[in-house]
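Laboratory data are not the source of any read-out in this text; all were calculated from the coordinates shown. This structure is a prediction, so every number in the text was calculated from the model and none was measured. Here the Cβ is made from the backbone with ideal geometry for all residues, glycine too, and neighbour counts use every protein chain on show.
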Amino acid sequence: MVFLPYLCIRVFNSAYMWNNRHSLSKGACELRKLTYLLITGLVLVALAACGGNENSSNDKKQEDTKTEEKAGEQKQPEVDKVDADKVMATVNGTEITGEDFNPVYENNQMQYVQMGQEVPKEQLEQMKKQIVDSLVGQELILQDAKDKGYEASEEQVDKELKGVKEEFENEDQFKEALKKNDMSVKELRKQLADNVLYSTYVEKEIKVDEVSEEDMKKSYEKAKEQGGSEEMPAYEDVKPQIKESLEKEQLGKKMQELVEKLKKDADVKTNV
């Protein structure tokens, strides 16, 4: 079983994790999954490289470098995982396993690990439930999309795959990323097909109402109040972002309602 969170690695904030859904159609999420480990390594290297002071002597720079190297050698908190073959949930007989669950679960912990912290146990449990809820919801939607005849054409998948490859310098780098993630091109194409299927379904089946000027201004004023003394940009300058944010919020609510509706007629069992 393949899931979009596995394809689109990121930290999610809501129980169903739908608010960032629009970005999937832009071809960026496929890259995140493939290059996640590479990017993490590059970020750590970049941070270490920025540690020196431009006005310091060469000796001081060498000292800083040694200190950073020692810090890098310190043992980082371990990322919690579940057994790859553990059944986290079943949706109408389709199993969601630890293999589907772990990539999202591990990434959600990375913000703590990168700061050298362990995730509080109670937060891990809450995180597990939220991720499983998301995976269940996405499987329900994928099943409903297939039941309604939605499908991804070879041309659409080819286009998505081309977008992924363009993010790499060459074919060898692309293949290396696949290898690091223990993924074949065939498996990637399956994920991309599910992505296309999911995106098409959401676009056709879920209609977002037009965001009114009044709602945008209310949102702006609320942000100003919460910002306190912090200076806010002019309303007209941030109006497009406010509109997009409210549309995503509305989409998230409608998708959550849809998932709850689909659950009523589905056989769903969770194991968290």
Label-point separation (nm) for V238 and K81, each offset 7 Å from Cα along Cα-to-Cβ?
4.1
I want to check the label-to-label distance for E187 and E155. Put each point 7 Å from Cα in the C-beta direction and report it in nm to one decimal.
3.0
So if R0 is 25 Å, what FRET efficiency would N271 and K204 give, r being the distance between their Cβ atoms, rounded to the nearest 0.05?
0.15
Add +1 for every Lys or Arg and -1 for every Asp or Glu among the other residues with Cβ under 14 Å from the Cβ of E169, and state the total.
-3
Could you sort out which of K81/K261; K159/K269; K224/K253; K81/K148; K175/K261 sit more than 29 Å apart by Cα distance in this structure?
K81/K261; K159/K269; K81/K148; K175/K261
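Test of understanding: ordering D209, D80 by Cβ neighbours within 10 Å, fewest first, what list do you get?
Final ranking by Cβ density, sparse to dense: D209, D80.
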